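Read the figures in this text as sums done on the coordinates, not as results from a lab. These numbers come from a predicted model, not from an experiment. Cβ coordinates were reconstructed from backbone atoms using ideal geometry, including for glycine residues, and neighbour counts include every protein chain displayed.
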Amino acid sequence: MKKYLLTFILAAIVGLLGGIQGAAGSVYILAGLLALGIVETQRQAAGTTLLYTSIPLTLAAAYEYYKKGSVDLTVAAILIPTALIFSILGAKVNFLIPPKITTLSIGVTTLLTSIYFITKGLKMK
């Protein structure tokens, strides 16, 4: 029961942040699932997170941005099929890479992304 309550709280927080920040929140979900002990392995977290970020979830938030004129449909039309193809490839490759390397790669890419947004935010007036 505690696992499901933690899952609900995680989803509520990430959903709110995702709507505000314009992200599906997959990094937050991935980290939250592991840090809160909701799932046991990085692979379980990855599979659960990928299912969580499926079209129905992101479509609702994207529609709100679209209504405000904040969606580039041409860029989205390129991103969607390309990311779809490579996400399938990545899911297949995941099982060939040691979990330690996958986990470290998540940390490094998240750190680099964080540095970018912190730097960008500090430069804003």
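A few comments on the model shown:
- Label zone (LEU122, point 7 Å along Cα-to-C-beta; backbone nitrogen cut-off 19 Å) within the stretch 16-42: none.
- Axis angle, to the nearest 10 degrees, between helix 26-35 and the longest C-alpha principal axis of the chain: 30 degrees.
- Computed from the C-beta positions of LEU89 and ILE9, the FRET efficiency with R₀ = 35 Å rounds to 0.55.
- Each residue of the stretch 76-85 was assigned a 3J(HN,Hα) from its phi angle through the Karplus curve 6.51 cos²θ - 1.76 cosθ + 1.60 (θ = phi - 60°); the sequence is 4, 5, 7, 4, 4, x, 5, 5, 4, 4 Hz, with glycine and proline shown as x.
- On the basis of the beta-carbon distance and an R0 of 22 Å, ALA76 and THR109 show a calculated FRET efficiency of 0.50.
- Look at the Cα gyration tensor of the stretch 1-124: its axes a ≥ b ≥ c give a/c under 1.5, and that counts as rounded.
- Net length gained if the chain between GLN21 and ALA35 were fully extended (0.36 nm per residue, minus Cα distance): 2.9 nm
- Cross-link reach is defined here as a Cα-Cα straight distance under 29 Å, omitting same-chain residues fewer than 8 places apart; for LYS120 the lysines meeting it are LYS67, LYS68.
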